[in-house]
Every structure is written in C-alpha cells, then in structure tokens.
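All of the numbers you see were taken from the coordinates with simple rules; none came from a lab. Quantities reported herein were computed from a predicted structural model and do not represent experimental measurements. With ideal geometry, Cβ positions are generated from the backbone for all residues, glycine too; neighbour counts draw on all protein chains shown.
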Amino acid sequence: MKQSEYIELENRFGAHNYKPLDVVLSKGEGVWVWDVDGNKYLDCLSAYSAVNQGHCHPKIREAMIEQANKLTLTSRAFRNDQLAPLYQEICELTNSHKVLPMNSGAEAVESVIKTVRKWGYQVKGVPVDQAEIIVCEDNFHGRTITIVGFSTDPTSRTGFGPFTPGFKIIPFGDAEALEKAITPNTVGFLVEPIQGEAGVKIPASGYLRSCKAICEKHNIMLILDEIQTGLGRTGKLLAEEHDGIEADLTLVGKALSGGYYPVSAVLSNTEVMDVLQPGEHGSTFGGNPLACAIARAALKVLVEEGMVENAEKMGNYFLDLLKQIKNPLIKDVRGKGLMIGVEFKAEAGGARQYCEKLRERGLLCKETHDNIIRFAPPLVITKDIVDWAVERIQAVIG
Ligand SMILES: *Cc1c(COP(=O)(O)O)cnc(C)c1O
C-alpha cells in the first residue's frame with residue numbers, strides 16, 4: 001500500500017483523537033525510523049521519551065523474545081520469577097523502598113492518587129473523603145477522567161465532566177503558592193520536575209528542593225511524575241537529582257520498557273505504600289513476567305551503555321548549537337539533557353509548519369501547543385548525528 005492509502009484507511013476507520021504528521025512508519029533502529037516507502041528519518045520525539053534506549057534495542061528485544069517463549073502472564077493471583085528481581089533492581093537503582101507495578105503512565109498516576117489518599121486517612125488522620133492533592137497549572141499526567149479533571153488544558157478537559165473532586169491547582173514553579181495552598185487535609189503535591197507536554201517548562205533551580213522542604217514541614221507527600229523526565233532523559237537517571245532531593249513517591253513509565261510494551265510503576269520512598277492491603281488495588285497485566293523481563297533489560301542497557309551520561313553530554317552540545325541559530329521569530333531555546341524546546345513568537349504563525357519542513361529534510365519532530373518544537377531524540381544519539389540534525393534545523397528555522 002502507498003502512504004496515502006494507509007492514511008485514508010486510518011482516517012476512515014480510526015477515531016480521530018490524533019492529528020499525526022502524514023508519515024507512515026514501518027521500521028526503526030536506534031535513533032532512525034523508516035517509512036513504508038523506505039525514507040529514513042531521525043526520530044526527535046522518541047515516542048514522548050518511551051524509546052530513550054533507541055528503537056528496537058537488540059538486548060531488550062532478546063529479553064522480550066526469551067521471556068515470550070517461557071511465560072507471559074500469570075496474573076498476580078500467583079507469583080512469577082521476574083517480579084522480585086525487577087523490584088530489587090529498580091529499588092537499588094533509584095534508591096526506593098517499594099514498587100507498585102502498573103502498565104500505562106496514567107495508571108501509575110491513578111495508583112499514586114489512591115495510595116496517598118489512603119495514607120492521608122490511615123496515617124495522617126484526615127477526615128474521611130476530605131483528602132486534598134495539590135497539582136500545577138499546565139500539568140500533563142495522562143488522560144483518565146480523574147486526571148483530565150485536574151488539567152488546565154481546555155482541549156484535554158472540555159466535554160468530559162463531571163470530574164473527581166479533591167484537587168487544588170497552583171502555578172508551576174512557585175513554591176510559595178504551594179505553601180499557601182496547604183490545608184490540614186492536604187495529603188500530597190503532584191508535580192512534573194519539568195513540564196514536557198506544556199512545552200519543556202523548566203522551573204528555577206532549587207524549586208523541587210523548596211517543595212520537598214515544604215512537604216516535609218507539613219507532613220504531605222511529594223509525588224514526582226517522572227514518566228517523561230525520568231530514566232535518563234534530562235541527563236540524570238531521575239530529574240529530581242538535579243535538585244539533590246528524593247521524592248516520597250516517584251512515577252516512572254514510558255522508557256521503563258524502552259518502547260516494547262507498556263510498563264509503569266509507582267516507586268515509594270517511605271512506608272506510604274504499606275497502606276495498601278491485599279485486594280485494595282491491582283491490575284491484571286501489572287507486574288506480568290513479560291513486562292518485568294522487558295523492564296529489567298530496559299533499565300540494564302540504560303545504565304550499562306552509559307545512556308544517562310550521553311544524554312547530558314549530547315544534550316548540552318545540542319542545546320548550545322540550537323542557541324546559536326539566529327532568527328528574530330525564536331523566542332526561547334531551553335532544555336535539560338536531551339529534553340529540549342524551541343519556542344517561537346506568536347508572529348511566526350505556529351511551529352507545525354517547521355515540523356512539516358523538517359520532515360521533508362529527514363527529521364521527525366512534533367510541535368507542542370502551538371509555538372514550541374520539542375527535540376527529544378533517543379539517548380543513544382551521537383555527536384555526528386547531532387551535527388547532521390542541527391544543519392537541517394538551521395536550514396529550516398535559521
Ligand atoms: C506520557 C505521560 C503520562 C501518561 O502516560 P501514558 O502511558 O500515556 O498513560 C503521565 N505523565 C507524564 C509526565 C507523561 O509524559
């Protein structure tokens with residue numbers, strides 16, 4: 001089939017909840033992907049950071065195939081031999097105490113909301129059904145009813161109510177606003193270390209440290225959504241390390257599987273996880289042996305192949321080169337590690353046009369909101385390929 005035929009079929013039979021670039025991909029390897037006509041592109045989105053390890057990483061593939069030949073799903077009614085090793089490895093790597101495995105990122109977010117609410121009632125002594133969780137403006141935590149209910153993006157939220165109560169919204173990057181919003185019923189503060197979907201919004205250095213101190217003072221749980229920032233993307237294993245803190249609860253997903261399969265987890269740094277009793281929460285696929293084997297391999301290659309350090313090095317290099325591009329329509333160039341945003345002024349007429357032009361030159365990028373392009377290639381990118389990319393970016397936006 002031709003690309004146009006795939007696109008027509010997709011539009012005819014599929015829900016229209018996405019507006020993808022008109023490129024139909026059929027193959028991936030490392031930082032590269034190919035469309036059905038054989039055109040090759042540099043992937044500058046990495047499936048929103050789910051393929052940090054690069055497309056079709058051979059060692060993750062090997063682990064997946066090996067496990068698929070042995071055992072894929074037991075349900076949690078029984079134990080499996082991949083779960084305990086994953087728990088231990090992820091706890092040692094992230095300095096966590098307890099793990100709750102789920103599948104999608106949104107499920108990890110839902111799970112942490114349930115957990116901190118229960119902790120609030122059982123440990124903190126909040127009156128029944130009064131728990132409050134503080135979140136930030138412009139957040140992105142997923143697409144369930146509860147989660148979109150505390151989104152401030154009208155496109156995510158409009159038309160989907162009624163919503164779950166118990167959330168309070170404050171400005172992002174403002175620790176004072178956090179302290180002001182706390183009441184005796186507050187149980188948690190849920191925040192992204194860097195807001196990815198909002199357009200790579202980076203708070204001032206020390207923000208998370210201040211939040212951590214405030215949370216400690218008021219006995220509330222600091223919950224970091226590291227589903228996008230985590231697992232190397234920002235040049236540290238977890239973005240919280242930039243501020244030298246440890247959250248009480250950390251959410252990981254996306255790159256936890258290197259793109260092979262949905263795997264997410266709530267990592268708990270305190271005994272808060274212990275409030276969950278048998279039967280109170282679960283997931284048929286959460287913690288299945290196939291997912292665990294994939295996650296173990298995905299974490300292993302991330303560390304063993306130095307991808308976190310490479311993200312820092314290549315991120316700094318990429319960002320420096322992008323900052324040298326001269327165009328009066330560019331408002332800001334910012335980033336941490338390989339999570340980079342180029343923001344255009346409103347007069348530029350939107351970033352989508354640049355993404356279309358970059359595609360013609362062999363780079364796949366996605367605009368976020370109207371005026372920002374995010375550059376987030378797999379963490380295995382090399383200096384030569386960054387040079388190759390910047391040449392093309394310069395030609396389109398310079
Ligand atoms: C992608 C993402 C989610 C949701 O993950 P899904 O797997 O799409 O449900 C949550 N939080 C952040 C920060 C994300 O980037």
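Nearest 5 percent is fine: what portion of the DSSP beta bridges confined to the chain is antiparallel?
If I count the DSSP bridges inside the chain, around 65 percent turn out antiparallel.
Pop a pseudo-label 7 angstrom from the Cα along the beta-carbon direction at both ARG352 and GLU216 and give the gap in nm to one decimal.
Computed distance between label sites ARG352 and GLU216 equals 4.7 nm.
Please order PHE150, PHE78, PHE189 by the number of other Cβ within 10 Å, starting at the fewest.
PHE78, PHE150, PHE189
So for the pair ASP320, ILE7, with labels modelled 7 Å out along Cα→Cβ, what separation do we get in nm?
3.9 nm
Determine, for MET1, MET273, MET307, the number of other Cβ atoms within 10 Å of each Cβ, and report the residues in order from fewest to most.
So the ranking, lowest neighbour count to highest, is MET1, MET273, MET307.
Kindly put LEU190, LEU267 in sequence by how many other C-beta atoms sit within 10 Å of each C-beta, fewest to most.
Exposure proxy ranking, most exposed first: LEU190, LEU267.
Taking 8 Å as the Cα distance limit and 6 or more residues as the minimum spacing, I'd like the relative contact order of region 58-304 as a percentage. Each step should come with its number before you reach the end.
Numbers: 455 pairs, mean separation 77.6, N = 247.
It comes to 31 percent, rounded to a whole number.
Would you calculate a helix-derived [θ] at 222 nm for the chain, using -39,500 (n - 2.57) for each DSSP H run of n ≥ 4 and dividing by the full residue count, to the nearest 500?
Value at 222 nm, helices only, nearest 500: -10500 deg cm²/dmol.
What full-extension length gain, to one decimal in nm, is calculated for SER75 and LEU25 as 0.36 nm per residue of separation minus the Cα-Cα distance?
Details: separation 50, 0.36 × 50 = 18.00 nm, distance 3.32 nm.
Using 0.36 nm per residue and subtracting the Cα-Cα distance, I get 14.7 nm.
State, to one decimal in nm, how far the label point of GLU360 lies from the label point of LYS124, with both points 7 Å from Cα in the Cβ direction.
5.4 nm
In terms of Cα to Cα distance under 29 Å, which lysines are near enough to LYS98, apart from those fewer than 8 places away along the same chain?
Cα-Cα hits under 29 Å: LYS59, LYS70, LYS114, LYS118, LYS124, LYS168, LYS212, LYS217, LYS236, LYS254, LYS300, LYS336.
So, R0 is 56 Å and r is the distance between the beta-carbons of LYS345 and THR183; what FRET efficiency does that work out to, to 0.05? Can you show the working numbers first?
Values: r = 40 Å, r/R0 = 0.71.
Computed FRET efficiency for LYS345 and THR183 comes out at 0.90.
If the cut-off is 16 Å between C-alpha atoms, which aspartates and glutamates fall inside it for LYS323, apart from same-chain ones fewer than 8 positions away?
The qualifying aspartates and glutamates are ASP332, GLU343, ASP387, GLU391.
Starting at 0 and stepping by 20 Å, how many percent of the alpha carbon pairs of the chain end up in each bin?
27, 59, 15, 0
Under 20 Å from a point 7 Å along the Cα-to-Cβ line of ASP387: which residues of region 324-350 have their amide N that close?
324-326
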